Structures are given as structure tokens and as C-alpha cells.
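Working notes, structure below.
The values are calculated or read from the model by the stated rules, or taken from the named source; none is laboratory data. Just so you know, these numbers come straight off a predicted model, no measurement behind them. Glycine gets a Cβ as well: all are built from the backbone with ideal geometry, and neighbour counts include every protein chain shown. In case anyone asks, the SASA skips ligands and DNA or RNA and just uses the protein heavy atoms, side chains included. Shrake-Rupley method; radii C 1.70, N 1.55, O 1.52, S 1.80 Å.
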There are 2 protein chains.
Amino acid sequence: MTYQTPLTDLDFVLHRLLAVSASDIPGYADLDPSFTRAVLEEAAKLSHDVLAPLNAVGDVQGCRLENGVVRMPEGFQAGFDALRQGGWTALDCATEFGGQGLPYLMHTAVNECFVSANMALNMVQGLTHGAYSAIAAHGSPAQKALYLPKLTSCEWTGTMNLTEPQCGTDLGLIRTKAEPQADGSYRVTGTKIFISAGDHDMADNIVHLVLAKAPGGGEGTKGISLFIVPKFLPDASGVPGLRNGVTPLKVEHKMGIHASPTCVMAFDGAQGFLLGDLHKGMRAMFTMMNEARLGVGLQGYAVAEAAYQSARAYALDRRQGRALTGAADPEQPADPLIVHPDIRRMLMDQKAFIEGARALTFWGASLIDRAHRMDDAEADALISLLIPVIKGFQTDKGFEMTVTAQQVWGGHGYIEDNPMSQFARDARIAMIYEGTNGVQALDLVGRKLPAEGGKAVQAFLGLVKAECQAHADPAMKAFTEPLRQASKALQAALGALMQQGMRDPNAALSGSNALMHLMGHVCLGLMWTRMAAAALADLAGGAGDAAFLTAKLATGRHYMTWALPEAALHLARIQSGGETVMALPPEAF
Amino acid sequence: MTYQTPLTDLDFVLHRLLAVSASDIPGYADLDPSFTRAVLEEAAKLSHDVLAPLNAVGDVQGCRLENGVVRMPEGFQAGFDALRQGGWTALDCATEFGGQGLPYLMHTAVNECFVSANMALNMVQGLTHGAYSAIAAHGSPAQKALYLPKLTSCEWTGTMNLTEPQCGTDLGLIRTKAEPQADGSYRVTGTKIFISAGDHDMADNIVHLVLAKAPGGGEGTKGISLFIVPKFLPDASGVPGLRNGVTPLKVEHKMGIHASPTCVMAFDGAQGFLLGDLHKGMRAMFTMMNEARLGVGLQGYAVAEAAYQSARAYALDRRQGRALTGAADPEQPADPLIVHPDIRRMLMDQKAFIEGARALTFWGASLIDRAHRMDDAEADALISLLIPVIKGFQTDKGFEMTVTAQQVWGGHGYIEDNPMSQFARDARIAMIYEGTNGVQALDLVGRKLPAEGGKAVQAFLGLVKAECQAHADPAMKAFTEPLRQASKALQAALGALMQQGMRDPNAALSGSNALMHLMGHVCLGLMWTRMAAAALADLAGGAGDAAFLTAKLATGRHYMTWALPEAALHLARIQSGGETVMALPPEAF
């Protein structure tokens, strides 16, 4: 395992791209470089020393259901203890509930390290964080007092129970029932599937958040409510007591993230407590959605980062063949793989995507902070627009780049003794869960673009235009020109979609995936343009590490040259209007 | 398991695209529609009834090494027996050695069915076929008489031993030694890795073909010879006798094709017999390369076909959400997935790729027949040019389309109880083995394009031009126009590569992957143009199934509209000249 946290890159995004300590977002002034570096160095240490060595163990051993309890792989308890005892699960939780009150951006930066090191183990705290946010936003004072301190510390962990055998994306099909009881609680009955961290043996209690239908709510998603269903019913002082009627029936055998216990959960008259308003469960779920989806978008590039590091190490170490321009190491029997142009192409594609996606994700996290901490409606609209792109584009590309990293290893990348297969198998899930990438594209084209007459996307295009105009330095032309071209393609695509949408909604949605990808490239092009400007300014001013900054610029130029031309491809597909996509009757497939 | 052999599509390619029974290739006149249909129906029956049901069994059980012998999964012996006893392993072998003497094209068509049904099991006969070809081309009369009947019938199976721990692509690094003995045989000593079907318990003997260095051959690949090393030393009558000094040390635990026993093989003074000329082992290996690589290119689309069929079945069955244009099944709680445009997009991408790749593969097989059966040097040059494209492009896209099929299944596609994960994991290897796709791209740009002053690629471009000019029917414009555009892009790319190559070989090779993909799209565009012309002619003449032909045209239009614009993307990358690919010093990665 070669994973090392890319501290210099994290610093660059926080302080040169986002200039966090100069930001007007409350709490950001405290994020000076020495503070963030100290936090990230500790997170890095935990990642390298504790989490990363457990990653392959988790993959090999997986989770197993024994006598009604899910057993985690060896060492995971110690890894989880290190996470929670170090306060890492409390970073951006409210101080009144035991958290450290730091910005969500810091949680995001630290999360990258943990996901790269051990995606499966980190999911347990990720889900707990989601449950924390839901109860923090919608819980009664008593619910907050009872649950939030335990979730902050991860003494208890959380789950989200949405999916059922007959119902995935279409939550209107939910059958799980909640019957009101005389004491104000509910009896919850039904079967939920794909419940991450649905059961495990690492915490004293598990707080299930469950979507269910209570009487009187009507058909479809409108009638759904959200309930807190603890595994062990706590008394008022927070001591877990009686076992509730919720049990794991099965741990799924999955393609990857073997150490994440994905459970089938049976709720058999389990006692549940309404969270938020009756029949308003969908709204309560949506509260957490931006953060949850940004977290999955982060997984897209964070696993690719770990895979890239392994590919880089292999390319520098493994010797096959000779450089075309003359032997690089004539005293050796062969040159390292990195002399070969196609190996370089693969590494540069990975590096340029990962660094761009990190910038977009951190910027997105700062927009969430701005929206939450300043009640900034514009920031909220912008991040809501970007979320399906961050989730869908970054996980599609993250998987592609992880597979590319695996390819650098040749045959050895296919053998399970080496880390590359696990990275590819783990990365695959991020395209599926938290709303498949098809659902992200639908969300983007069907909801986010048209919201408020397209105000958010116009604001985004305005940012891109301003960025293109801001740079007079001729060295910036390698960035602003491709960005201007891609932005033009995006505008043309938006025009085409609008016309198609009025004529035939199927035509517009045929291009939804293409639009998500087109916009992803414009987003990363924008990030790279901003990073290039910062790197050039530092180089001109003699600040920073010149080799690092020069490499940053070269990596950015690779993205602009090699990846941004995909924008024209996606535009061509969108302009075709989906005629060929919808041409066949179902029986002709 | 839903796999059904697409007999109508196979018929269409054989008889409408290739018009085999009207061909002047010796043996093709016998391939009339009723004969090929009878063969393919039997192959389909074996695929559905015997091979496909074993596919998941093989994935779950894998192969295990027990007391020095590799044990295959349950039922594999019966499956292998059905293959060989039905004569399926002898289809295109010479009649004098017990084969049926059919064209290689028929072997290819039948192979598609078997690979779709069970890629891992079919590999055993695939490797045996390779050993057959090598001995048929280079063996002495006695070697042919001893080995070929056994390999034809698959009583014995074959292997190829190239890779060693320190040497993959770069065969000049081989360390396995062959010491000449007084009796004319050799003692072979060394370790080989990644040996498919290196050991198993399904045949009486295993014939290892081993690359090794005999004294006096000099450095690098020039000094390598090829040896026959049987697991059991046969007497002159072909009865396996003494155990030879070759043993499996390990069965690899791989990402996929679990039922293909990939072995580490130890040769410890094993008796070997020189095959072909001393120190000419590389040339002997190259004899089999076109067929072996075409076979892997076939795996690319054949696994995608099986995955597509599962995705189609799921999209027709699973109900989530409603069609945007009004409920398709108002009496049901939700509509089938296939009403959703993004699901259609995924299915159409798969279908259009698979049908195009099948056409290209079968055309390639017919070129191999033309080259071999008619000593046609032009056909040989053309197929040699196309082979890296068929292998590299089709396995890259085949994997991508298999992953797309998995995506249609949502969360259920990630669960190992369902077939989609296995398809994705199995498909992944085809991008790696038989020369990684990076090696294919290098072969294309570095060897095949410049061969004989670019004669083959000019001939290929001539075929494309002729096809574009051949069709006056306005309905053909949807094919000829995009093909003309893509062909222009290919020509521009070739010009750019040539200029770059003279300036800096690294620049040209930075675009090798892009060129391979660009050429892949032109190839499939050519195939679709020819298929469309055939379908239109049939429709105009009232021949054939109108619904099938109309769907064929619509599928082709999707490829031309949705996939061919990738040509421009690859051209843009090639024209960038690789400057950004090679920009970083190794330590900056």
C-alpha cells in the first residue's frame, strides 16, 4: 500500500485556489495555513498508519452475519476507534453536541484522506454524519439532546433506510408501514435493502432513519414520513436498553466495498419516533442530500487518487522495454514504464482529473458553508446546480481513471494480491448509490437547470465568462481559450435542450448524461483556469515551490488540451436530439 | 441467466454483410444459410443448455490447487466434454488430424456463442487452438502426427508460456533456459506466470508451449526459442507416460474469469522439444498472434452481448417511475425502466457497438481465411493492420459497454447474486492479456501503419472512400456523411502522426491510443454503412423480416450519430502533439 496524503495539493486548493483564511464565511478566518496543515498532517498520519493497512484486509475478509449480528473484518474496531477517539467524526458537528464546529470544508478535506485510505471503513462515519445532519435539522430538542452527542462521537452510528425490494429510485412505491401508537411513537414494519452499515459490532447502538408510510398521507412520495428507529431503545439518559424489532437478515456479497456491511433489514413492529413533520419525510431526506452527494463525488476522485499513486509507483519501479529516444537507464536491462508515452498519457489523464475534481469538490464544500453559515441563497442555488455534476461526472470519471490506473499495472493489476482490482471494484459503487448517475443527470436537466428560470446556470456561466476575461497574461491563453470554447458548447447545448424540451421531453432527457458530462468539463476547466492563475502569480512572485507550481501548470494544460475537447462530443450528441435514442419500440431491443 | 444466441444477427452478418456462400474463398461456397444456421443452432443449444448455466458456478467456486493438481469448478468437466465430444474444438482444424476443415470464420461465429455463455470455460479450448496452430505451422511431421490429433479433439489441451515475473511485454528479458541434451531434446528450467489453463483436471495431458533461451542465441528477443513441454511425456503411439518436470505452484486469485486456471508454472529441468527453428521462437509465436488477438477482440463484444441481454431483460421487467410522456402501463404502479430516455441511451450504445463489432470481427475472420486459403498478401496486410484495432478498441469499448449494462441494473447490478458484476470483472481482462491495449496501440502506430510505406492503411481508406461513394440512396446519407467525416479525421490524424514521428517519436506515440480508437470508429462506421445498405436493399426488395431490418437501420443510425463524433475528439488529442503528455519529469508525478 503506497497511499500518501497529497498535503501540498490540499494546501494549494485551500489556500491558493480558495484563499480560505481571507474568506468572509464565518469560521474561515481561523483556517490559516498552519492550522489546516496541522489538522491534515494528523489526518494523514491516521490514514497511512491505521486506515490504509486495513483496506485490503477488509476486502479479503468482508463482513459476515453471525447469530443475528454482523461481524466486521479484523482490525476494523481499532480503526474505527482511532477515527472517533481522535475526534475526526466530530469535526464539523455543533459544539453544543460535542463537535468542534469547524467548517464543512475541513470535514471534506479530511474525508478525502480517509476515503483514499479506506473507503469502506470511512462509510460508517459518513452515514452517521448524515443521520446527525437530519436530526440536527429536523429533530425536536429532546431528540437532539438524546441522539446528537452520541452520533457526534460515533458511540452510536447511523443509517439511511430508503430502498425496498420493489422500490429504488421511485420512492413512491415504498411499502414499509408506520402505525401510530397511543404513546405518540409508531410501529414500523417492512423490509429495507441495501442498507449500508445496517448492522455491525463496532458501536453501542445504531440509529436507523427509516422512510415509511403512516396513515393518511396519500399516494406516492407525498405520504412518506421519516422515523428514528434505534437498534436498542435508549432511556432518557441515553443508555441503550431493550432490543428493538429491527434485525439484519442478510449481508450482501458485493463486487466491492466488502468491508461495508450492506444489509437487508427487517423492521417487525419496531418502535419508531417521527423525525420532523408527518408526511414530510422526503423533504427531511432532501436536507442531507447535497452533503451526501458531494461526499460520493469525493469518493469518485479520492479512490482514483489512491489508485493513481499505486500506478505511479509501479510505473516508476517496473522495467519493461526502452525509451524510444534512447535508453533512459542504459546500465539496467530495461527502462521504467514511465518512459513510454502511453503510460504517461494514462498517468496524466488521472492526475489532471483528480486535481481538478478535488478543486471542484472543495469549492462545492465552501459553497455549502456559505449557504449554511451565511444563509446565502445564491450560493445555495449554485451548489444545488453543481451537486449532480459533482456526484455524477466525478464518479463516472473517477471509475474510468481508476480502471486506467489498473491498466498501468498490466496483468499484475488483475491479480487480487495487488491493490488495483479492489480500487476498481470499490470505485464502481459510487456511480450507483446515492442516486444512480442517470438520476443525477435527470436531476440536473429536469430540476436544477430550469429552477427559477435558469438563474443558477446563468450565474455559473457568468462566473466562467468573468474568469475568461480576467486574465491578460498570454500564458493563461492555454486555459481561457479552451474554457471559452467549452462554455460556448455548454450554452449551445442548453439552447438545444430547451428547444427539445418544449417539443418532446424524451428528446431533452436523451442528452441528460451528455449534458452532465459537458458541464463537468466546464467546471473542471474553470477550476484549472483559477488554479493556473494562482500558480502563475506565485511563480511570478517567487512564492511557493517552483517545481510544484510548474507541474501544476503542465497538469492543467493537459486537462485543457486532452479532456476539454470532450465538450464538443457531448454537444454533438445533445444536438442530435435523441431521435436515435428513442427510435426502437421496446420489443426491438 | 438470460443469454440467448442472437441467431438472426449472426445470419445477417454471415449472409447479408459478408455474403459468404457467394465468396471466392475456398470452402465458403459450402456455407449456405441452411448449413450455417444448423451449425449455429446446435452451438446455441450447447451454449444455453450447458455452458451458460456453469458461468456463475465457475465464478463462485473458482479453481483450486490440491496436491499439485488444479481442480476445476463443479460441472466444468461435463461442459468441456460436451464441447469436445460435439466436435466443437475441431471445427476449423485440418481433416487429416481429425478436424472438420471448416473456415476460420465458422470457428469465430461459434466461438461468439461460447464466449457469451461462458468465457472462462471456453478459454481452455481457445488456448488449445493456439497450440494447435503453432504446431501445425512449425512442427515436424512427427510432432504434427503426435500432437495435432490430440489437440484437435481436446483430449489434450494446450498452453502458451511467455510471461515471467520480471518480463511481460518485454520478452527480451526472458530468463527461462533450455539446455540441449544428447538425445536432441532440451532441459527447460525457469518460472512462468499468468499461464492460462496451466494446469487443470479435465484432460489426459497438457501440451505447454514455452519460450526459453537456448545457448548461442544472443541477447534480447532474437535468442528465444519455442519448446513443446508436455505435462506427461507421451510415447510414440501418443500414450501419456512419465510425469515431466513441470508443476503448477499457484493458481492466481483474480478479479474475474475465476474459472480460468491462471497458474504460476515451475519448469525444473523439464524435457522439452524444439518447435520450429532454433532461436526463431518469436517468429513462431507471431504466427498465432492474429488469430489469438482476434479471439480476444471477440471476447470484448461477446461478453458485452451477454451483459446487454441481461440489461435489456431487466429494463423490460423492472418497474420504476413513469414515462415523461404519460404512463405507459397505467394499470401498474410504475412503468418498466425502458421508458426512460437515459436507460434507452445506455441500451442503444451497447446494441450499436456490439452489432458493429460483430461485423468487424467476422469480416476480420474472413480476411484471415482469404489470407490463409488463397495466399492473399493484400488480405494479410489488411488484417494485420486491423488486428490491433479489433483487439484494443473492441475490448476497451466492450468493457465500457459491459459496465454500462451493469449500470442499467442500478444497485442490484453491484450484488454478486446477479450476473452483472461477473460480466464486468470478466470483461476487464480482455483489455490486458494477449498484449495490453497500450501494446496494441503501439503495434498499430509503430509497426502496422508504417509497414510497406503505409500501403495497408491506404488500401483501408480506399475501401472507406469506395463505400461512401457507392450509395446514391438518400437514406444512406445518414451513414455515408458521418463515415466521410470520420475518415477525414483519420486521414488528418495520420498526417499529424507522420509529421510528429519525424520530429519526435514520443509525440506520435502519445496519440497512439487515440488513433486506435479513431480507427476503431471508422471501422465500425464502415461496417454499419455496409449493413445499412444491405438492410435497405432487403427492405426495398421485400426480403427478410421488416421489423428486424428497420431496427438494424435505427441501431446503425445511433452508432453514426452518437459514437462516430468521437473521431473528432481523438483527432483533437492527436493534433495536440503530445506536448502535455510528456511535459513532466518523472519525479513530478
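A few points about this structure:
- At an R0 of 41 angstrom, the distance between the Cβ atoms of A:E587 and A:D317 translates into a FRET efficiency of 0.15.
- Angle between chain A longest axis and helix A:52-61 axis [Cα atoms, degrees, rounded to 10]: 60
- The peptide list A:11-19, B:200-208, B:27-35, B:294-302, put in order of mean Cβ contacts within 10 Å with the highest first, becomes B:294-302, B:200-208, A:11-19, B:27-35.
- Sorting A:517-528, A:465-476 by their mean Cβ neighbour count within 10 Å, with the most densely packed peptide first, gives A:517-528, A:465-476.
- Counting charges near A:A508 (Lys, Arg +1; Asp, Glu -1) among other residues having Cβ under 14 Å from its Cβ returns a value of +2.
- Overall form of region A:288-435 per C-alpha gyration tensor (a/c, 1.5; a/b vs b/c): prolate
- Reachable lysines, given that their alpha-carbon falls under 22 Å from the alpha-carbon of B:K45 and they are not under 8 places away in the same chain: none
- Pairs of Cα atoms nearer than 8 Å and 6+ residues apart set the relative contact order; for chain A it is 12 percent.
- Spin-label proximity, B:A266 to region B:53-81 - amide N less than 16 Å from point 7 Å beyond Cα toward beta carbon: B:65-70
- With the simple model of a label 7 Å out from the Cα in the direction of the Cβ, B:A466 to B:A38 spans 3.4 nm.
- With contacts taken as Cα pairs under 8 Å and at least 6 residues apart, region B:437-580 reaches a relative contact order of 34 percent.
- Label-point gap, in nm, between A:Q499 and A:L249 - each point 7 angstrom along Cα→Cβ: 5.2
- Pairwise centroid distance, computed over Cα atoms, of region A:383-442 with region A:202-234, Å: 31
- Estimated 222 nm signal from helices in chain A, with DSSP H stretches of n ≥ 4 weighted -39500 (n - 2.57), rounded to 500: -17500 deg cm²/dmol
- Largest to smallest accessible area among B:W562, A:W88 [probe 1.4 Å]: A:W88, B:W562
- Spin-label zone in region B:449-477 - amide nitrogen under 17 Å from a point set 7 Å from the Cα of B:A22 along the C-beta vector: B:467, B:470-472
- Sorted peptide list for A:413-421, B:363-371, A:140-148, criterion being average Cβ within 10 angstrom, highest first: B:363-371, A:413-421, A:140-148
- Other protein chain C-beta atoms within 10 Å of residue C-beta, averaged over B:509-517: 3.
- Against chain A, whose longest principal axis comes from its Cα atoms, helix A:566-575 is set at around 60 degrees.
- Interface area, A with B, accessible, probe 1.4 Å, both sides summed, Å² nearest 100: 7600
- Among the listed pairs A:K213/A:K254; B:K391/B:K455; A:K397/A:K448; B:K192/B:K213; A:K488/B:K397, those beyond 24 Å (Cα-Cα): A:K213/A:K254; A:K488/B:K397
- For chain A, carbon and sulfur atoms together expose 54% of the accessible surface, with a 1.4 angstrom probe and every protein chain in place.
- Compared with the dominant principal axis of the Cα atoms in chain B, helix B:104-138 is inclined by about 40°.
- Shape of chain A from the C-alpha gyration tensor: prolate (a/c of 1.5 or more and a/b above b/c, with a ≥ b ≥ c the square roots of its eigenvalues).
- Cα-based shape type of region B:158-279, given that a ≥ b ≥ c are square roots of the gyration tensor eigenvalues and the cut on a/c is 1.5: oblate
- Distance from the A-onto-B rotation axis is smallest for the Cβ of the chain A residue given, in whole Å, as A:L569, 2.
- Cross-link partners of B:K150 among lysines (Cα-Cα below 18 Å; sequence separation of 8 or more within a chain): B:K231
- Each residue of region A:532-549 was assigned a 3J(HN,Hα) from its phi angle through the Karplus expression (A = 6.51, B = -1.76, C = 1.60, θ = phi - 60°), giving 5, 4, 5, 5, 5, 4, 5, 4, 5, x, x, 8, x, 7, 4, 5, 4, 5 Hz with x at Gly and Pro.
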